[in-house]
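Below: one structure, written as structure tokens.
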Amino acid sequence: MATARPRRVENTESTRQALVDSAVVLFTKKGYAGTSLDEIAKRARVTKGALYHHFNGKQTLFEAAFEEVETQVVRRLSAELFGSGNIWETVRAGLGEFLKVCLEPSYQRIVVHEAPAVMGWERWREAEERFTFGVIREALRALVEAGEFVPLPVEALAHVVFGALSAGATTIAGSAQQKKTSAEVGEVVDAVMQGLRAV
């Protein structure tokens, strides 16, 4: 029998989510160094004490913001990569969705630009394993198992392809003509994918 969740638990979760949402907006707009905890608490309409109840400092709040952005990205990519239909076409659609994500300010600022420096390279890479990299790896595994790709070691293949996608994301984020660069990166990614096909 389902029981109602205590209101205190719901309030606690809504407060934490408000802080994370506030952090995503402010870190996107002003960057990690340019954002204060006071600003985040004020925008979330909570006290600084409430902030410290959930997070022990700015870095842990940044990591929560990073996870929020990446969780949304994984949800979007998974919907495309593992949709119904031909596996080749769904994976291509998923990679196209990734290129759209690369144009979004929150992904660019928090995941591409800030996270490696704020979290440290190793911690950032570990986090990526749980998010975007993990989804890409499973999509590539599906292509290999379906006979769409040449039979390559999936783990190595995933690291190489994801490395190329990460470099593409950095290139897009640093470009003065982001839409044009995204289209060019998309052409290259498609050519690489075609080159890996078992045809």
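Below are the figures for this structure:
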| item | result |
| --- | --- |
| Flag if Glu129 is at pLDDT 95 or above, closer than 22 Å to Arg76 by Cβ and not basic (Lys, Arg) | no |
| Helices (runs of 4 or more DSSP H) contained entirely in region 47-115, each with at least 3 residues that are modelled with pLDDT of 95 or more and open to solvent by 40 Å² or more (accessible area, probe 1.4 Å) | 58-81 |
| First in region 24-46 and surrounded by 14 or more Cβ atoms within 10 Å (Cβ to Cβ), second anywhere and part of a loop (DSSP other than H, G, I, E, B), Cβ under 6 Å, 6 or more apart | Leu26/Thr35; Phe27/Thr35 |
| Qualifying position, being charged (D, E, K, R), farther than 19 Å from Leu77 by Cβ and over 16 Å from the mean Cα position of the chain (by Cα), among Glu148, Glu187 | Glu187 |
| Criterion (over 28 Å from Ala139 (Cβ atoms) and among the aromatic types (Phe, Trp, Tyr)) met by exactly one of Phe82, Phe98, Phe55, Phe66 | Phe55 |
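The values are calculated or read from the model by the stated rules, or taken from the named source; none is laboratory data. Just so we're clear, the structure is a prediction, and the values are computed from it rather than from any experiment. Glycine also receives a Cβ, built like all others from the backbone with ideal geometry; neighbour counts cover every protein chain displayed. With ligands, DNA and RNA removed, areas are computed over all heavy atoms of the protein, side chains included. Shrake-Rupley method; radii C 1.70, N 1.55, O 1.52, S 1.80 Å.
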